[in-house]
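I have placed the structure first, in the form of structure tokens, so that the comments after it can refer back to it.
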Amino acid sequence: MITRIVISCLVLCYVSRIYGFPQDEDVVTGADSEDLELEPAQTFDSVRPPLETDSASDVQPQDGDVIAGLDIDALNAEGESVQAVDSEDSPLEDDSADEVPPTDENGDAADTQEDSITTDEGQDDSSFNEESSGGWFGSLARMFGIGDDRVVVAEDPVQEAPVKRETCSEEGTPEELLAKWNGSSLSVLSRFKTHGKLIRNPYPYIVVRNALHPCLYQALERSYPSDEDIIELSPLKKSEVKQNMRVDVWAKTALKEETQIPELWRRFVRYHSSPEFYRQVNRILGSHIRQAHKVKPTASVGMRFKDDTDVVLDCQIAINTPVSTRSTVRGPHIDQPNEIYAGLLYFKHPNDTRSTGGDFNVDMCLRKSCHMISKAQRHKYGTGDTQFMPRQVRVAHQVLYRRNTFVMFVNSKHAIHAVTPRSATRFSRRLVNIVAVKRPR
């Protein structure tokens with residue numbers, strides 16, 4: 001009997017180790033070039049250090065697809081995806097040049113069956129921390145589906161270093177301040193060198209603290225369109241809007257609305273939907289974009305729903321509506337494969353001090369693969385249109401929902417992400433969604 005108990009304990013301890021992950025991460029502090037020598041990680045906003053899964057063939061699966069050997073061109077040619085589902089949740093507009101696939105009420109492509117995503121093989125598990133994943137008890141629980149659906153494997157996460165809040169000390173009339181902000185000075189990447197970091201694992205993404213100059217941010221914050229205006233200008237009908245739901249205004253729409261969208265906001269939207277901004281992104285993330293997407297350097301770039309170009313950009317002024325019942329707007333999911341990158345700039349309301357949640361989770365498969373849930377089964381896993389079995393996904397990093405914080409990731413089959421549940425609040429979660437989408441040719 002004792003021998004059986006000892007053998008069982010050894011087996012369980014071994015199982016707890018084989019499902020672990022390396023603890024390495026590569027971070028590049030702000031720089032304007034993609035050709036940099038990477039240094040060991042400095043974690044921030046970290047729940048657990050992530051696993052490197054850079055791949056030269058990163059493409060994104062859809063329900064019912066065979067993962068091995070997929071490429072974005074093949075997917076688009078078969079009509080699996082034409083318009084992108086943006087980084088968290090966004091309805092789509094019919095584009096006369098494209099054929100939009102069947103979507104649900106959130107604009108997501110309709111799903112038909114389960115699938116799986118496989119990360120890189122042959123990873124070194126030697127640095128797995130048994131305690132941080134709940135030891136052999138945690139592994140046993142995960143094997144039999146016991147415990148919380150959402151596995152957040154960090155009992156003592158690395159705490160984020162305090163970020164000093166910047167204030168605007170400049171004086172002047174609105175006209176004088178408006179005249180100052182033009183072109184690249186409006187960019188969310190203008191301070192990347194001094195305030196940003198590039199993280200490669202589990203997929204490439206950047207985070208910029210105090211992304212905009214404090215005076216620019218203050219001017220945009222004070223003139224942020226009201227919830228009512230955003231709902232009115234969105235493609236949704238007012239009757240379709242529910243609690244904790246993504247609603248946004250496309251760049252094409254915002255640039256035509258001189259009454260409801262202030263001039264400074266129209267300049268901001270125009271720049272982030274321009275070829276100049278696309279080139280700026282590529283100076284930082286270009287090598288990762290080329291690994292994940294077959295986008296030619298000579299590709300034409302224009303505005304989504306407006307221009308007939310190889311790549312189309314959008315800058316959406318958005319909200320997640322106020323919350324009456326604690327919920328998440330999106331659970332763990334991936335975006336459609338023709339999305340090249342997605343970025344989120346947060347405009348948390350200055351009076352929104354009591355609500356919790358709304359943070360951006362950088363997720364990864366807990367094991368070597370995680371299964372995509374069929375549409376019919378997703379209601380079993382709570383709110384937020386969860387695409388993956390939650391107990392098979394873990395949080396690698398968490399970027400907090402804070403004022404003037406920007407996060408951008410390169411989309412791929414590894415780019416699993418989610419929004420943490422928000423508590424009940426009368427405040428909307430305010431954000432700008434910046435995306436690039438590859439159009440089928």
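The values are calculated or read from the model by the stated rules, or taken from the named source; none is laboratory data. Note that this is a predicted model, so its numbers are computed, not measured. Ideal geometry is used to build each Cβ from the backbone, glycine not excepted, and the neighbour counts take in all protein chains shown. Just so you know, the surface numbers come from the protein's heavy atoms only, side chains and all, with ligands and any DNA or RNA stripped out. Shrake-Rupley method; radii C 1.70, N 1.55, O 1.52, S 1.80 Å.
Points to keep in mind about this one:
- Test: Arg330 is modelled with pLDDT under 95, open to solvent by less than 10 Å² (accessible area, probe 1.4 Å) and in a strand (DSSP E or B): no
- Qualifying residue in region 218-227 (condition: surrounded by fewer than 21 Cβ atoms within 10 Å (Cβ to Cβ), farther than 24 Å from Thr405 by Cα, touching a Pro at 6+ places or on another chain (Cβ under 9 Å) and at pLDDT 95 or above): no
- Residue, surrounded by the most Cβ atoms within 10 Å (Cβ to Cβ), within region 298-315, restricted to residues that are assigned to a loop (DSSP other than H, G, I, E, B) and of a type in the set (Gly, Ala, Ser): Ala299
- Verdict on Lys197 being open to solvent by 30 Å² or more (accessible area, probe 1.4 Å), within 25 Å of Tyr341 (Cα to Cα) and either modelled with pLDDT under 95 or part of a helix (DSSP H, G or I) (or both): no
- For region 265-284, the set of residues classified as under 26 Å from Ile199 (Cα atoms) and either touching a Pro at 6+ places or on another chain (Cβ under 6 Å) or open to solvent by 30 Å² or more (accessible area, probe 1.4 Å) (or both) consists of Pro275, Glu276, Arg279, Asn282, Arg283, listed by residue number.
- Within this structure, Arg209 passes the test of being under 18 Å from the mean Cα position of the chain (by Cα) and open to solvent by 20 Å² or more (accessible area, probe 1.4 Å).
- Flag for Arg378 being out of contact with any Cys (no Cβ under 7 Å at 6 or more places or on another chain) and closer than 20 Å to Pro322 by Cβ: no
- Of residues in region 200-227 being among the hydroxyl-bearing types (Ser, Thr, Tyr) and not in a helix (DSSP H, G or I), the one farthest from His272 (Cα to Cα): Tyr203
Rundown of residues vs (1) at pLDDT below 95; (2) in contact with a Ser or Thr (Cβ under 7 Å, 6 or more places away or on another chain), yes/no style:
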position	(1), (2)
Leu400	no, no
Arg403	no, no
Val407	no, no
Lys413	yes, no
Val419	no, yes
Arg422	no, yes
Ile434	no, no
Pro440	yes, no
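- Residue match in region 411-422 (condition: open to solvent by 10 Å² or more (accessible area, probe 1.4 Å), farther than 26 Å from Val301 by Cβ, touching a residue at least 40 places away in the same chain (Cβ under 8 Å) and in a loop (DSSP other than H, G, I, E, B)): yes
- Filtered by the rule that a residue be surrounded by fewer than 23 Cβ atoms within 10 Å (Cβ to Cβ) and among the β-branched types (Val, Ile, Thr), region 230-239 gives a lone residue, Ile231.
- Pair list, Cβ < 7 Å and 6+ apart or interchain, from region 240-264 residues that are modelled with pLDDT of 95 or more and open to solvent by less than 40 Å² (accessible area, probe 1.4 Å) to residues that are assigned to a strand (DSSP E or B) and of a type in the set (Asp, Glu): Trp250/Asp314; Ala251/Asp314
- Residue match in region 184-193 (condition: of a type in the set (S, T, N, Q) and modelled with pLDDT of 95 or more): yes
- Hits in region 363-378 - residues which are crowded, with 24+ Cβ neighbours inside 10 Å and part of a loop (DSSP other than H, G, I, E, B): Ile373
- In region 350-362, the count of residues that are within 23 Å of Lys197 (Cα to Cα), open to solvent by 10 Å² or more (accessible area, probe 1.4 Å), at pLDDT 95 or above and acidic (Asp, Glu) is one or more.
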